[in-house]
Amino acid sequence: MNARSMEAGFGVGMATAEKGPQGGITLQPAGALWTRPALLLLAAMAVFASWYGQRPILAMTLLLLSFAVLCRLWSRHCLVRLFCGRTLERRRAFPGEEISMEISLRNGKWLALPWVRLENPIPGELRSSAEGAVSSSGRQDAVEVSLFLPGRNRARWTYRMLCRRRGFYPLENLRVTSGDIFGLYTASLEFPAAETVLVYPRLLPLAKLPLPALQMLGDEKTERRICTDPTRPFGIRDHIPSDGLRHIHWKASARGQGLKRKIFEPTTTKKIALFFDVESFGSGEAFRAEAFELGISTVATVAFHAGKSEAQPGLYANTRSADTGRPIAVPPSGSRSQLVEILESLAKATPRASGSLDTLLSAAARTLPSGSCFVLVTGSSADIPQATLADLKARGYRITMVPVEGKTQPPSGATGDAVRISEASR
């Protein structure tokens, strides 16, 4: 499985067309002699030289003024009818994969550009080693290219972005700079080309994850009907007070004597809720980055294999998403796009915690049916709220705890099954 096939299956993102500029042209003189006050001073000198008949001074000032005005007009019009765009082969990838990016620049007028410089901001985590030069503007994250562009012509560049590690990477607008042939004035324009590249978590071989055999990735036989499907009624029975009013069969109740309740077929699809506790991996200097990434890869691997086994995976994480700043909540579902949504959410996960695991579990349990499997991936078994887990198990939930790089065994009296994943599991 790679990101290219996932995008083809679920219709995720394609190319960006050439666009016009965003905002106005920024004109910058090369030195103090060519600024507006200096040109006004030259004009005043020309007037005084003409008044007093100083022809050499008048000729020199008029020559400088004409030269400056010509260069200024050239620089201001060099970026008119200029179009620039960025095209991405795809916007999603796994670590180690490459994404092809094409930059196109089209000059739609007859006026040639004696020189043009294009800044293409690329995050360092996506750049190859050959693209490490710093741009002339001083930006460390911009790849720069310069060329001569004749009138009515187009130029194209192709880059290969290497996705080194999981993350959410915004690509900023393109910036084009040009000017007159003498370099007295430079004009700059920004072209709207904002994109985002998502690098999914690395998927680990399931055999390397010491998960217990709890049938959590498939169906589970049971003597009692733990979950029912409200979309598949197959009969009625007498209503009892504990049933509530939601599933009363009103037509049957009107025909017979007393209230009747709908009976639904039991569902055999396992719901697997994956919980990722960001807070347990520490913060500041105590933050364990390697364990954090390993935990995210563990969650992604379990979700991937759960989806392949026709289970319904979901994801809950007390993180602050890189794009919205909100915690992650993806309810279990069997839709074809569920795995993509989970992987995209994990790609945006950050080390900033948004709350406690206890609050996350309690909120999710209010919406998940009894019998669902809870898989808790944490940075330490000591951070798992035992009282909450005992309450969830009493309500019929199946609990699996996965401490990542835990240094201690699960505390005595721990509820559910516990395993430990270390760096050697990669």
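Of all residues in the range 37-57, those that are under 17 Å from F67 (Cβ atoms) have Cβ atoms under 6 Å from Cβ atoms of residues that are among the polar types (S, T, N, Q) and at pLDDT 90 or above, 6 or more apart or on another chain, in L42/T61; M45/T61; A46/T61. Annotation for the range 345-356: at least one member residue is closer than 24 Å to Y397 by Cα and either surrounded by fewer than 19 Cβ atoms within 10 Å (Cβ to Cβ) or in contact with an Asp or Glu (Cβ under 9 Å, 6 or more places away or on another chain) (or both). Against the conditions (1) within 24 Å of the chain's Cα centre (by Cα); (2) modelled with pLDDT of 90 or more, S335 satisfies every one except (2). Scoring V69 on the criteria (1) in contact (Cβ under 8 Å) with a residue 60 or more places away in the chain; (2) over 30 Å from M161 (Cβ atoms) leaves a single failure, condition (1).
Results for (1) out of contact with any strand residue (DSSP E or B) (no Cβ under 8 Å at 6 or more places or on another chain); (2) modelled with pLDDT of 95 or more; (3) not aromatic (F, W, Y), shown as yes or no for each residue.
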{"site": "L274", "(1), (2), (3)": "no, yes, yes"}
{"site": "G282", "(1), (2), (3)": "yes, no, yes"}
{"site": "A286", "(1), (2), (3)": "yes, no, yes"}
{"site": "A289", "(1), (2), (3)": "yes, no, yes"}
{"site": "S309", "(1), (2), (3)": "yes, no, yes"}
{"site": "Y316", "(1), (2), (3)": "no, yes, no"}
{"site": "A349", "(1), (2), (3)": "no, yes, yes"}
{"site": "S354", "(1), (2), (3)": "no, no, yes"}
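Only one entry in A322, A300, A329 is touching a residue at least 60 places away in the same chain (Cβ under 8 Å) and either assigned to a strand (DSSP E or B) or surrounded by 19 or more Cβ atoms within 10 Å (Cβ to Cβ) (or both), namely A300. Being acidic (D, E), in a loop (DSSP other than H, G, I, E, B), outside the structural domain of A194 (by TED's automatic domain parsing) and surrounded by fewer than 17 Cβ atoms within 10 Å (Cβ to Cβ) holds for only one residue in E285, E310, E290, and it is E310.
Within the bounds of the range 185-206, is there any residue that is part of a helix (DSSP H, G or I) and out of contact with any strand residue (DSSP E or B) (no Cβ under 9 Å at 6 or more places or on another chain)? Full working, then the answer.
Taking the range 185-206 and keeping what is part of a helix (DSSP H, G or I), we get 206.
Add one more test, that the residue is out of contact with any strand residue (DSSP E or B) (no Cβ under 9 Å at 6 or more places or on another chain), and what stays is 206.
Yes: one or more hits.
Yes or no: the range 165-179 includes at least one residue that is touching a Gly at 6+ places or on another chain (Cβ under 9 Å), surrounded by fewer than 17 Cβ atoms within 10 Å (Cβ to Cβ), farther than 29 Å from A112 by Cα and at pLDDT 90 or above. Checked the range 165-179: no residue is touching a Gly at 6+ places or on another chain (Cβ under 9 Å), surrounded by fewer than 17 Cβ atoms within 10 Å (Cβ to Cβ), farther than 29 Å from A112 by Cα and at pLDDT 90 or above. Taken as a whole, the condition of being touching a helix residue (DSSP H, G or I) at 6+ places or on another chain (Cβ under 7 Å), free of Cβ contacts under 8 Å to residues at least 60 places away in the same chain and aliphatic (A, V, I, L, M) does not apply to A353. When every residue of the range 363-373 is checked against the conditions, none turns out to be hydroxyl-bearing (S, T, Y) and part of a strand (DSSP E or B).
The values are calculated or read from the model by the stated rules, or taken from the named source; none is laboratory data. Small disclaimer: the values here were computed from a predicted structure and weren't measured. Backbone-built Cβ (ideal geometry, glycine too); neighbour counts: all protein chains shown.
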